[in-house]
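A short write-up of the structure that comes next.
The values are calculated or read from the model by the stated rules, or taken from the named source; none is laboratory data. Quick caveat: nothing in here was measured; it's all calculated off a predicted structure. Cβ sites come from the backbone with ideal geometry, for glycine too, and all protein chains shown count toward neighbours.
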Amino acid sequence: MHSHHKPLPPGANRYDATAARPSGLPRAPLPAGARTVDMHSHVDVPEAQALVAAAFDPMTMPLVRFATADTRALNMKQNAERRDVMLDVDQRLAEMARYGIDHQVIMPSPFQCFYSLPDAGLAVEATRAVNEGVARFRDAAPGRFSALGSVPLADPAAAVAELGWLMAHGFRGAQILTSVNGLELSDPRFEPFWAAAEALGAVILLHPNGFSDGARLSRFYFNNTIGNPFDTTVALHYLIFDGVLERYPALKLIAVHGGGYAAAYSGRMDHAWGARSDCQTTPLPPTEYLKRIYFDSVVFTPHQLQALVALVGADHVMMGTDYPYDMAEYDPVGHVLESGFDEGTTRALLGETARRLFGL
């Protein structure tokens, strides 16, 4: 079931070709027999939304709270346009064929992480409903999808239990947000979760949902454009400097959107570690831990992708899209083929690294 990738015609996708790189860049041929994997895509579970409708306040999410009326209106319009491919497996498969994607890792919408629900029991129930919905989507097309679920991380013990359930039901791991109701992911109360994730061999994907203190970022969709990668950057720095990656060296951690600004400006964390005693919290320089993390390719330009691969290696970078959102990469195979890599690197990025990490 190999897709034969051709350049997308103008206007073929929901939001048109990216303005981040010129069209018509020279592209290498797709390596013979390459099986492509998109390891970052989302689905919606209406049954879970119905459970929480009365109790969940969208304003607790930074992307909603810190946005102008114009931005909120456009978001509502796009949510309606996206509904089909968030729910309909056949439409999803048709779009995957068009984008040259053989296998897709699906996960819930980040808006379906219900950490802010005041009722802990409801959060557990709604999270299970999310996971059952994701499993139904996955199982509707055997062999085409793998899944990451969700965990009720505001209650770490419940999150550990749900992660166990996910791993027992064919999931590869879980997607979590980049902070939890104002707490950093390195907070000591989440230590049991990290221990369980390492012990279970679960893949943990960090996904931002706007910057937690995003009041300055409300115009021009900045709370996504700047805020999403920034929230990931902050989360990664805490996980590194608080020693989580030192304590759990086998942890399988993914940072999306190319890891935000952490990888693109990694020298500054090493400099601080060397220059200041209050930053010397780990035995190794911070970038040594950064290189243990996995990253998606959603950085839009060849030079950013080249820099990411040069820093962490093709064995830690994987093709992703963030499909079907507005800020997604809609020509992911083309992006890799246009970035000037050798065939081995190209194969790794297109699918081999993801197949190894997810055990596909």
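Do we have Ala120 as at negative phi, modelled with pLDDT under 95 and either among the aromatic types (Phe, Trp, Tyr) or surrounded by fewer than 22 Cβ atoms within 10 Å (Cβ to Cβ) (or both) here?
On the way: at negative phi: yes; modelled with pLDDT under 95: yes; either among the aromatic types (Phe, Trp, Tyr) or surrounded by fewer than 22 Cβ atoms within 10 Å (Cβ to Cβ) (or both): yes.
In short, yes.
Give the number of residues within the range 92-138 that are under 30 Å from His335 (Cβ atoms) and of a type in the set (Asp, Glu).
Adding up the residues that qualify gives 2.
Name the single residue, out of those in the range 309-349 being under 16 Å from the mean Cα position of the chain (by Cα) and part of a helix (DSSP H, G or I), that is farthest from Glu95 (Cα to Cα). Show your work before the answer.
Taking the range 309-349 first, the residues under 16 Å from the mean Cα position of the chain (by Cα) are 316-330, 332, 349.
Cutting the leftovers down to part of a helix (DSSP H, G or I) gives us 316, 332, 349.
Numbers: His316: 26, Pro332: 12, Leu349: 20 Å.
Going through the qualifying residues, I end up with His316.
Do any helices (runs of 4 or more DSSP H) entirely within the range 181-251 hold 2 or more residues that are of a type in the set (Asp, Glu), and if so, which?
On the way: elements: 191-200, 222-225, 227-241, 244-247.
In the range 181-251, 191-200 are the helices (runs of 4 or more DSSP H) which contain 2 or more residues that are of a type in the set (Asp, Glu).
Going by what's in this entry, would Val203 be described as under 20 Å from Ala354 (Cα atoms), touching a helix residue (DSSP H, G or I) at 6+ places or on another chain (Cβ under 9 Å) and β-branched (Val, Ile, Thr)?
On the way: under 20 Å from Ala354 (Cα atoms): yes; touching a helix residue (DSSP H, G or I) at 6+ places or on another chain (Cβ under 9 Å): yes; β-branched (Val, Ile, Thr): yes.
Taking the combined requirement at face value, the residue satisfies it.
If you check Ala54 against the conditions, is it under 28 Å from Asn223 (Cα atoms), over 19 Å from the mean Cα position of the chain (by Cα), among the hydrophobic types (A, V, I, L, M, F, W, C) and loosely packed, with under 14 Cβ neighbours inside 10 Å? Working first, answer last.
Values: under 28 Å from Asn223 (Cα atoms): yes; over 19 Å from the mean Cα position of the chain (by Cα): yes; among the hydrophobic types (A, V, I, L, M, F, W, C): yes; loosely packed, with under 14 Cβ neighbours inside 10 Å: yes.
Yes: the conditions hold for Ala54.
Within the range 124-171, track down each residue that is acidic (Asp, Glu) and part of a helix (DSSP H, G or I). First the steps, then the outcome.
At the first step, the residues of the range 124-171 found to be acidic (Asp, Glu) are 125, 132, 139, 155, 162.
Hits for the range 124-171 are Glu125, Glu132, Asp139, Glu162.
Quick one: count up the residues across the range 147-173 that are more than 18 Å from the chain's Cα centre (by Cα) and among the β-branched types (Val, Ile, Thr).
The first filter runs over the range 147-173 and keeps only residues more than 18 Å from the chain's Cα centre (by Cα), leaving 154-162, 164-165, 167-170.
So of that shortlist, the ones also among the β-branched types (Val, Ile, Thr) come out as 160.
Adding up the residues that qualify gives 1.
Would you check if Asp84 is in contact with a strand residue (DSSP E or B) (Cβ under 6 Å, 6 or more places away or on another chain), within 27 Å of Leu148 (Cα to Cα) and either assigned to a helix (DSSP H, G or I) or among the acidic types (Asp, Glu) (or both)?
Working: in contact with a strand residue (DSSP E or B) (Cβ under 6 Å, 6 or more places away or on another chain): no; within 27 Å of Leu148 (Cα to Cα): yes; either assigned to a helix (DSSP H, G or I) or among the acidic types (Asp, Glu) (or both): yes.
No; evaluated as a whole, the condition is false for this residue.
From Arg292, Arg347, grab the single residue that is of a type in the set (D, E, K, R), closer than 23 Å to Asp102 by Cβ and touching a residue at least 24 places away in the same chain (Cβ under 8 Å). Steps first, answer last, please.
Details: Arg292 fails: closer than 23 Å to Asp102 by Cβ.
None of the other options fit; the residue is Arg347.
On the basis of being surrounded by 20 or more Cβ atoms within 10 Å (Cβ to Cβ), touching a helix residue (DSSP H, G or I) at 6+ places or on another chain (Cβ under 9 Å) and more than 14 Å from His40 (Cβ to Cβ), does His316 make the cut? Working first, answer last.
Values: surrounded by 20 or more Cβ atoms within 10 Å (Cβ to Cβ): yes; touching a helix residue (DSSP H, G or I) at 6+ places or on another chain (Cβ under 9 Å): yes; more than 14 Å from His40 (Cβ to Cβ): yes.
Judged against the criteria, His316 is a match.
Name the residue that is modelled with the lowest pLDDT, counting only residues in the range 213-259 that are surrounded by 20 or more Cβ atoms within 10 Å (Cβ to Cβ) and small (Gly, Ala, Ser).
Restricting to residues being surrounded by 20 or more Cβ atoms within 10 Å (Cβ to Cβ) and small (Gly, Ala, Ser), the top hit is Gly214.
Residue check: is Arg65 in contact with a Ser or Thr (Cβ under 6 Å, 6 or more places away or on another chain) and within 18 Å of Thr225 (Cβ to Cβ)? I'd like the intermediate steps shown before the answer.
Working: in contact with a Ser or Thr (Cβ under 6 Å, 6 or more places away or on another chain): no; within 18 Å of Thr225 (Cβ to Cβ): yes.
Answer is no for this residue.
Being part of a helix (DSSP H, G or I) and within 30 Å of Asp187 (Cα to Cα): is that true of Phe111 here? Let's see the steps before the verdict.
Numbers: part of a helix (DSSP H, G or I): yes; within 30 Å of Asp187 (Cα to Cα): yes.
Taking the combined requirement at face value, the residue satisfies it.
Conditions: (1) closer than 29 Å to Phe145 by Cα; (2) within 18 Å of the chain's Cα centre (by Cα). Pro302 meets all but one. Number of the miss?
Every condition holds for Pro302 apart from (2).
Filter the range 260-287 for residues that are in a helix (DSSP H, G or I) and at pLDDT below 95 and give the result.
First pass over the range 260-287, keeping only residues in a helix (DSSP H, G or I): 267-275, 277-279, 286-287.
Within the range 260-287, none qualify.
Could you look through the range 185-217, keep only residues that are in contact (Cβ under 8 Å) with a residue 60 or more places away in the chain and among the hydrophobic types (A, V, I, L, M, F, W, C), and pick out the one that is farthest from Val64 (Cα to Cα)?
Out of the qualifying residues, it is Val203.
Search the range 30-59 for residues that are part of a loop (DSSP other than H, G, I, E, B) and pair each with any residue that is at pLDDT 95 or above and surrounded by fewer than 14 Cβ atoms within 10 Å (Cβ to Cβ) when their beta-carbon atoms are under 6 Å apart and the residues are at least 6 apart or on different chains.
Going by the 6 Å Cβ cut-off, the qualifying pairs are Pro31/Glu343.
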